[in-house]
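Everything on this sheet refers to the single structure shown next.
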Ligand code: NAI
Ligand code: MG
């Protein structure tokens, strides 16, 4: 099974891959009720690198029961300060195993190793440390009530309870930690379902959490498919909240499933994020930013800047800069030195993305760079730029989730009209504005219908900054204190001091 794996993979990662992976429930690796297994691929080669358990709905029942047991038992007795210490130990263990985690993330997600080692792993360590600080600081308030007589009133911030977390394949480590860290900080117990395509690093994180002293049952990892595992979690009467990142279609299913017990729901559903470049912008920096956003990780980024709007006066030079970068990108295995861009996650995703590029051309767009699948093995798509894109075309309106940039120009100076064009999307996750005019930058930031606005940057990966979308990009905000709010309930207590 693991005979053909990439030679650059280190000993620890190799040993992990060759294990007989199980489900992590109640602090132990246990077998499934079912017994079926799923093959896990290296998307750069299409080869099988491991197999994991295909869990069943009754495995989900066991995991939810374990989480409930921990929530009402050992976990509740852990003081906030001790929770902080456990989370900091967890962060330290991730650092100590950084190479192994980065290599596993690379070989399973396809992302180049330097991004995994210098981006994903330090990013999740920061997220844990940041959230660990909130445990002792998320107290309630003493509102000044105006009720007749004398009252003492206060609010308590309590864990929302047992949380189901369902995550996608594009950033397996980050998506796991964006959900685990605030849930732990808030005192919740978790049942996480990683993507059926990229479950490996979540399993490893679950082990490290135990090693850090986080009590058994607090973090359970159940591998398997959207149905039955994800759907069972979303519908489960013993789950108090479900947090999801992925497609809008699955998000809607989760909402319906969650309606049974009206569990809390948070959703991060991707986007079609505009990048607006004014003629005074630093075009070199803007081109580099655009390329890193839409081609980095082969465009499989929810906030990828996928619709580019450049002022007419800067359009030609900007496109030339982008095409030069796109054509110069080295595609390859994430573990090969010098790889700029890896594959997309699967054959299905490759076909999806190639289908979009084809449909764009059929609907009248012009291929400016790239154009389709690449290489004899693995799931590679060339960095692609389409020009002449118009609203109503599928490539304009829908999330492609591949390395495909839709470029458009504008000849207007009216900020309201420019913003209206950029806002003409059912999505509203992110927007990026490029200008040196500070007034224009702030005015545009206010006009964008997006949860995240970056000025003279394409991304701002920081644990303090709330992340989430307007419109159909989702419900709620991850990162920052807003993430703590997602995992807590507020209780108002009022005491009539006269009775
Ligand atoms: P998906 O949304 O179906 O999968 C994401 C997660 O949801 C996986 O863990 C999956 O097992 C789970 N899931 C699937 N069906 C479920 C159900 N009925 N109930 C509960 N959980 C379920 O995404 P998919 O099909 O892998 O990708 C399709 C498209 O979705 C992509 O091309 C992209 O446009 C978008 N997407 C967006 C992401 C984002 O970060 N916003 C991430 C992944 C996909
Ligand atoms: Mg799906």
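Any idea how far apart residue 147 and residue 492 come out in nm if each label point goes 7 Å out from Cα toward Cβ?
About 1.0 nm, to one decimal.
Grab the alpha carbons of the chain, take their convex hull, and tell me the volume per residue in Å³.
Cα convex hull per residue, to the nearest whole number: 154 Å³.
Can you figure out the FRET efficiency of residue 436 with residue 320, using R₀ = 22 Å and their beta-carbon distance, to the nearest 0.05?
The calculated FRET efficiency here is 0.60.
Which order do the peptides 204-216, 182-194, 286-298 take when ranked by the mean count of other beta-carbon atoms within 10 Å per residue, highest first?
For the peptides 204-216, 182-194, 286-298, the packing ranking is 182-194, 286-298, 204-216.
By its C-alpha gyration tensor, with a ≥ b ≥ c as the square roots of the eigenvalues, how is the range 325-420 shaped: rounded for a/c under 1.5, else prolate for a/b larger than b/c, else oblate?
prolate
Rounded to whole Å, give me the distance from the Cα center of the range 88-142 to that of the range 159-176.
13
Rule-of-thumb check for the range 142-204: C-alpha Rg over 2.2 N^0.38 Å?
Here the answer is 1.76, to two decimals.
How high is the relative contact order of the chain, in percent, with contacts defined as C-alpha pairs under 8 Å that are six or more residues apart?
18
How many angstrom lie between the C-alpha centres of the range 184-219 and the range 463-499?
Value for the Cα centre distance between the two parts: 22 Å.
Could you check the spin-label model distance between residue 225 and residue 4? Points 7 Å from the Cα along Cα→Cβ, value in nm.
Rounded to a tenth, the inter-label distance reads 2.4 nm.
Packing-wise, with mean Cβ within 10 Å as the measure, how do 120-128, 316-324 rank, highest first?
For the peptides 120-128, 316-324, the packing ranking is 120-128, 316-324.
What percent do you get for the relative contact order of the range 150-286 when only Cα pairs under 8 Å and 6+ apart count?
Relative contact order for the range 150-286 comes out at 24 percent.
Can you compute the equivalent ellipsoid semi-axes for the range 195-289, i.e. the square root of 5 times each eigenvalue of the Cα gyration tensor, sorted largest first and rounded to whole Å?
They are 35, 21, 12 Å, listed from largest to smallest.
Can you tell me the FRET efficiency between residue 481 and residue 456 if r is taken as the Cβ-Cβ distance and R0 is 35 Å, rounded to the nearest 0.05?
Efficiency at R0 = 35 Å is approximately 0.85.
As a footprinting exposure proxy, order 275, 385, 160, 490 by other Cβ within 10 Å, with the fewest listed first.
490, 160, 275, 385
Once fully extended, how much extra length lies between residue 394 and residue 259, figured as 0.36 nm per residue of separation less the alpha-carbon to alpha-carbon distance?
So the extension gain works out to 45.5 nm.
Residue 499 versus residue 18, label points 7 Å from Cα toward the beta carbon: distance in nm?
If labels sit at residue 499 and residue 18, their model points lie 7.0 nm apart.
Taking the Cα centroid of the range 49-84 and of the range 355-434, what is the distance between the two, rounded to the nearest whole Å?
42
To the nearest 0.05, what FRET efficiency results for residue 155 and residue 346 with a Förster distance of 45 Å applied to their C-beta separation?
0.45
Can you tell me the Rg and Dmax of the range 274-462, counting just the alpha carbons, in angstroms?
15.7, 50
Got the relative contact order for the range 274-462 handy, in percent, Cα pairs under 8 Å and 6 or more residues apart?
RCO, the range 274-462: 27 percent.
If each residue's Cβ is checked for other Cβ atoms within 10 Å, how do 60, 145 rank with the fewest at the top?
By the 10 Å Cβ count, ascending: 145, 60.
Could you tell me what percent of the DSSP beta bridges with both partners in the range 355-472 are antiparallel, to the nearest 5?
Expressed as a percentage, antiparallel bridges in the range 355-472 total about 50.
For the range 274-462, give me the percentage of DSSP beta bridges that are antiparallel, rounded to the nearest 5 percent.
So the antiparallel bridges in the range 274-462 amount to around 20 percent.
Can you sort 357, 40 from fewest to most other Cβ atoms within 10 Å of each residue's own Cβ?
Going from sparsest to densest Cβ surroundings: 40, 357.
FYI, it's all coordinate maths here, none of it is from the lab. None of these values were measured; they are calculated from a predicted model. Every residue, glycine among them, receives a Cβ derived from its backbone with ideal geometry; neighbour counts consider all protein chains shown.
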